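S.K.: Sharing a structure with you now.
The values are calculated or read from the model by the stated rules, or taken from the named source; none is laboratory data. Bear in mind that the values here come from a model prediction, so they are computed numbers and not experimental data. In this analysis, Cβ positions are derived from the backbone assuming ideal geometry, glycine residues included, and neighbour counts consider all displayed protein chains. For the accessible areas, the whole protein counts, side chains as well, though only heavy atoms, and no ligand, DNA or RNA atoms are used. Shrake-Rupley method; radii C 1.70, N 1.55, O 1.52, S 1.80 Å.
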Amino acid sequence: MRFAFFDTKPYDKPSFERFGAEHGVKFKFYDTKLTEDTVGLARNCDGVCTFVNDTMNANVLEGLADLGCKYLALRCAGYNNVDLKAAAACGLRLAHVPAYSPYAVAEHTMALLLTIIRRTHKAYIRTRDFNFLLNGLTGFDLHGKTVGVVGTGRIGRVFIDICKGFGMNVIAYDKFPAKDSGITYVSLEELLAQSDIVSLHCPLTDETHHLINCETIKLTKKGVVIINTSRGALIDAECLLEGIKARQIGAACLDVYEEETDYFFEDFSGHILHDDILARLISMPNVIVTSHQAFLTEEALNNIAETTVLNMKQLHDEGKCPNELIWKNGEIIHGS
């Protein structure tokens, strides 16, 4: 099998080349993202391998089908950038990587939290200049604080375990609560009102789009810390900025951003950032932005490559795959 691999980064190649060679899957690597202008690069391929910022709208998918492509190999968990209805209409089959390393994302979430509340990023910069003053570096204990976790899938539950290890009180909200989990579930309104820290670990859907908005921010505790390592559009960034300026939000940690497609994974140092909201957020002393980095561990990269390759082999050789995403009667059905 032969796949056009879009939005390639140096850390992608080793694991995909290794697992591809083991299973007879060849990749042609392209630095460019998949768009309507680049879809032609998939000519003579069985399918494409894509990531979170590739465009997979109806026009792109129709273009792939016209080229004879049969498969969409998503090397990520999220699929909100794929028009699943159009994919089904074009006869394209696709699969994703639902769990590559929940520990990678959950641990990065805690790393962001610890950094922002203990000001370690600021201390690092100071001491590099031989400034050893402690003024302005006062943080607060996590022990005894209440953290509200929105979304209790694999990543959310790992993060809950980490928080419990710090002696934190944990409450959670999920439309589909995990049975017999021992997790204390509350309504979203209760979670926002009670939590010192709110961490988002849910998928992006029509219901969760702008879950954190101008109205829900008003429900939060004054000085709340908001963390998002899931999907950027869970937060209305403009409302977040206003909440920070009004001192309602005490700090924000963002590994994702709604308009990240044009910026994340690229080097814009020395350039003027045209996204005023992102530029203002980054300039805030109580905001940390990492560029969709939470997944980036050696273990996760290996798991992503192996699962992606096996997904395509199973679809091709067996005609089915447990990680397949099927659009049927207006609903998404997972394969078997």
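S.K.: Say we join alpha carbon atoms closer than 10 Å with springs in a Gaussian network model of the chain; which of 286, 323, 131 then has the biggest fluctuation?
M.R.: Taking springs between Cα atoms under 10 Å, the residue moving most is 131.
S.K.: Report the label-to-label distance for residue 65 and residue 313 in nanometres (one decimal), using points 7 Å from each Cα along the Cα→Cβ vector.
M.R.: 2.9
S.K.: On to the next question. With each pseudo-label sitting 7 Å past Cα toward Cβ, what's the residue 166-residue 242 distance in nm, one decimal?
M.R.: That separation, rounded to one decimal, is 2.9 nm.
S.K.: Now a separate question. Considering only DSSP states other than H, G, I, E and B, which trypsin sites (Lys or Arg not before Pro) in region 195-231 qualify as loop sites with at most 13 other Cβ atoms within 10 Å?
M.R.: Values: sites: 218, 221, 222, 231; in loops: 221, 222, 231.
Filter output for region 195-231: 222.
S.K.: Taking C-beta distances below 4.7 angstrom as the pairing criterion, name the unpartnered cysteines of the chain, in sequence order.
M.R.: 45, 49, 69, 76, 90, 163, 202, 253, 321
S.K.: I'm a student and want to see the number: the projected area of the Cα convex hull of region 1-149, averaged over all directions, in nm².
M.R.: Details: hull surface 52.0 nm².
Result: 13.0 nm².
S.K.: Any idea of the accessible area per residue across region 179-268, 1.4 Å probe, to the nearest Å²?
M.R.: Per-residue accessible area for region 179-268 comes out at 45 Å².
S.K.: Residue 26: which lysines have alpha carbons under 29 Å from its alpha carbon, excluding same-chain residues fewer than 8 sequence positions away?
M.R.: 9, 13, 70, 85, 313, 320
S.K.: Local charge sum around residue 39 (other residues, Cβ-Cβ under 12 Å, Lys/Arg +1, Asp/Glu -1)? Provide the component values of the computation, followed by the final result.
M.R.: Details: positive: 33, 43; negative: 36, 37, 54, 62, 66.
With Lys, Arg at +1 and Asp, Glu at -1, the neighbours total -3.
S.K.: How much length is gained if the chain between residue 267 and residue 89 is pulled fully straight, taking 0.36 nm per residue apart and subtracting their Cα-Cα distance, in nm to one decimal? It would help to have the intermediate numbers written out before the result.
M.R.: Working: separation 178, 0.36 × 178 = 64.08 nm, distance 3.70 nm.
Once the chain is fully extended between residue 267 and residue 89, it gains 60.4 nm.
S.K.: Right, here's the next one. Give me the percent of the accessible area of the chain that comes from carbon and sulfur atoms, probe 1.4 Å, all protein chains in place. Please list the in-between numbers first.
M.R.: Working: 8300 of 16440 Å².
That fraction is 50 percent.
S.K.: Cα centroid distance between region 1-50 and region 239-276, in Å?
M.R.: Here the two parts' Cα centres lie 30 Å apart.
S.K.: Please find, in a Gaussian network model of the chain (springs between Cα atoms separated by less than 10 Å), the residue of 129, 276, 12 whose mean-square fluctuation is greatest.
M.R.: 129
S.K.: Taking the Cβ-Cβ separation of residue 146 and residue 332 as r and a Förster radius of 45 Å, what is the calculated FRET efficiency to the nearest 0.05?
M.R.: Details: r = 33 Å, r/R0 = 0.74.
Calculated transfer efficiency: 0.85.
S.K.: Related question: Can you give the FRET efficiency to the nearest 0.05 for residue 37 and residue 125, using r as the Cβ-Cβ distance and R₀ = 30 Å? Can you show the working numbers first?
M.R.: Details: r = 40 Å, r/R0 = 1.35.
For residue 37 and residue 125, the calculated efficiency is 0.15.
S.K.: Classify region 178-290 from the C-alpha gyration tensor, please: rounded if a/c falls under 1.5, else prolate or oblate depending on whether a/b exceeds b/c. Please report the intermediate quantities before stating the final value.
M.R.: Details: a/c = 2.22, a/b = 1.56, b/c = 1.42.
Prolate, since a/c reaches 1.5 and a/b exceeds b/c.
S.K.: While we're on this one: Which of 304, 212, 282 moves the most in a Gaussian network model of the chain with Cα springs under 10 Å?
M.R.: 282
S.K.: Let me ask something additional. Report the relative contact order of the chain, percent, no decimals, based on alpha-carbon pairs under 8 angstrom and at least 6 residues apart. Could you put the intermediate results ahead of the total?
M.R.: Numbers: 617 pairs, mean separation 55.4, N = 336.
Answer for the chain is 16 percent.
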